[in-house]
Amino acid sequence: MTSIKDQYQQSPLLELKHVRKQYGQGCCHCHQHVQDLEHNFCPVCGTVYALRDINLSLYPGEILGVVGESGSGKSTLMQIAYFDQEATSGQFHIQHPQVQGQNLFEVSKQTKKWVRHQLLGMVYQNPMLGLRMNFSAMANISEKMIAASNRHVGSMRQRSQELLDVVNIPLRRASEPPKNFSGGMQQRVQIAKALSNNPPILLLDEVTTGLDLSVQADVLELIKTIQRDLGISMMVVSHDLAVIRMLADRTVVMHQGKIVEQGLTDQILEDPQAAFTQKLVYSLL
Ligand SMILES: Nc1ncnc2c1ncn2[C@@H]1O[C@H](COP(=O)(O)OP(=O)(O)OP(=O)(O)O)[C@@H](O)[C@H]1O
Ligand SMILES: [Mg+2]
Ligand SMILES: [Zn+2]
């Protein structure tokens, strides 16, 4: 077994550097002082800086927690990493022979699609964004395989069944559409879909938010099992420190579009440094 120390001496699997996402053109008041704005928007021109100079690394085999209050930029970060949204500026690297050394924000559309479907899996905060509610569970999972150029119906069917089994959805329900499923089951179908092409990286956005506590516990347990069995690296977004505590080896804390603190999860929870993290941690006690 590699120790945590060895793990972080390897090079990162995924890296985001100086990532900015702004909505609006900016003005002479905010242009030069984005980092100094008190909030994530310019009080003069109203431009929103959803992400301001985000730097983070995801290491092989780890679960990285991303925690922060509503509006801090967590979903924006996930959606940029999954190419649902374009970053305004910055660099994005994934360690893989096919895209080594390339800034993934600047590669061709086809390469982005390839990365999205071969190297990444995404579970959306809102299952409506991740699933077609009127298609069968099996068709939903196959959709991502087709996007990754699988055309073999028999192998897709078999793989979908395997995955539904992994996420504990009974096979007899495989042809039902997710709109018939409970919230917890919908998130399980999203997880199965995200895993379909065996990606080395999973992005999970508030995967348990809005679920009953007992269902939440099941989904969290499933995520831990998948991480243990498949060794997939994960970025797990939550506004809930209890979820982060249960899942994440390391955690970054976001506030107003910036990372205000990062470190081992235990250390952050025991000895939070940033004022915002202290508020978050003590509100949990
Ligand atoms: N299309 C848009 N135009 C302008 N502002 C936007 C747009 N989309 C998001 N924002 C703003 O970007 C900021 C970050 O939003 P984001 O959804 O990433 O937050 P979050 O941390 O995921 O919040 P939550 O915990 O509520 O899901 C917010 O201030 C939001 O209002
Ligand atoms: Mg969000
Ligand atoms: Zn401005």
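Quick notes on this structure:
Listed here are the residues, each with its yes/no results for (1) away from ligand 1 (no atom under 15 Å from the Cβ); (2) farther than 17 Å from Thr76 by Cα.
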| position | (1), (2) |
| --- | --- |
| Met234 | yes, no |
| Val237 | no, no |
| Leu241 | no, yes |
| Val252 | no, no |
| Gly257 | no, no |
| Glu261 | yes, yes |
| Asp266 | yes, yes |
| Glu270 | yes, yes |
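- In segment 195-243, the residues that are under 28 Å from Asn150 (Cα atoms), in a strand (DSSP E or B) and of a type in the set (Ser, Thr, Tyr): Ser233
- Evaluated against (1) surrounded by 18 or more Cβ atoms within 10 Å (Cβ to Cβ); (2) within 16 Å of ligand 1 (Cβ to nearest atom), Tyr59 falls short on exactly one condition, (2).
- Across segment 256-285, the qualifying residues are those that are within 17 Å of the chain's Cα centre (by Cα) and within 22 Å of Phe41 (Cα to Cα), and the one among them that is least open to solvent (accessible area, probe 1.4 Å) is Gly257.
- Test for Lys17: is it in a strand (DSSP E or B), within 16 Å of ligand 2 (Cβ to nearest atom) and touching a residue at least 60 places away in the same chain (Cβ under 8 Å): no
- Tabulated pairs, segment 107-130, first hydroxyl-bearing (Ser, Thr, Tyr), second open to solvent by less than 20 Å² (accessible area, probe 1.4 Å) and at pLDDT 95 or above, C-beta under 8 angstrom, 6+ apart or interchain: Thr111/Val99; Thr111/Leu104; Tyr124/Gly130; Tyr124/Gln190; Tyr124/Asp205
- Sole residue being away from ligand 1 (no atom under 12 Å from the Cβ), open to solvent by less than 60 Å² (accessible area, probe 1.4 Å) and at pLDDT 95 or above, chosen from Pro43, Pro12: Pro12
- Any chance Ser142 is open to solvent by 60 Å² or more (accessible area, probe 1.4 Å) and of a type in the set (Gly, Ala, Ser): no
- Within segment 126-167, the set of residues being among the aliphatic types (A, V, I, L, M), closer than 18 Å to Met185 by Cβ and assigned to a loop (DSSP other than H, G, I, E, B) comprises Leu131, Met133, Val167.
- Total residues in segment 46-56, condition part of a strand (DSSP E or B), open to solvent by 40 Å² or more (accessible area, probe 1.4 Å) and within 13 Å of ligand 3 (Cβ to nearest atom): 1
- For segment 20-36, the set of residues classified as surrounded by 19 or more Cβ atoms within 10 Å (Cβ to Cβ) and within 13 Å of ligand 1 (Cβ to nearest atom) consists of Lys21, Gln22, listed by residue number.
- Taking every residue in segment 24-50 that is farther than 17 Å from Ser89 by Cα and in contact (Cβ under 8 Å) with a residue 40 or more places away in the chain and pairing it with any residue that is part of a loop (DSSP other than H, G, I, E, B) and more than 7 Å from ligand 3 (Cβ to nearest atom), at least 6 positions away or on another chain, the pairs with Cβ-Cβ distances below 6 Å are His39/Gln256.
- Among (1) in contact with a Phe, Trp or Tyr (Cβ under 6 Å, 6 or more places away or on another chain); (2) of a type outside the set (A, V, I, L, M, F, W, C); (3) open to solvent by 50 Å² or more (accessible area, probe 1.4 Å), the one test that Gly130 misses: (3)
- Verdict on Gly154 being open to solvent by 10 Å² or more (accessible area, probe 1.4 Å) and either free of Cβ contacts under 8 Å to residues at least 60 places away in the same chain or closer than 30 Å to Leu241 by Cα (or both): yes
- Scanning segment 106-114 turns up one or more residues that are open to solvent by 60 Å² or more (accessible area, probe 1.4 Å) and either touching a helix residue (DSSP H, G or I) at 6+ places or on another chain (Cβ under 8 Å) or closer than 27 Å to Glu206 by Cβ (or both).
- Here Gly101 meets each of (1) under 30 Å from Leu171 (Cα atoms); (2) open to solvent by 40 Å² or more (accessible area, probe 1.4 Å); (3) without any contact (Cβ under 8 Å) to a residue 40 or more places away in the chain with one exception, condition (1).
The values are calculated or read from the model by the stated rules, or taken from the named source; none is laboratory data. Keep in mind the model is a prediction, meaning the values are calculated, not measured. With ideal geometry, Cβ positions are generated from the backbone for all residues, glycine too; neighbour counts draw on all protein chains shown. The protein model used for the area step is the full one, side chains on, heavy atoms only, and it has no ligands, DNA or RNA in it. Shrake-Rupley method; radii C 1.70, N 1.55, O 1.52, S 1.80 Å.
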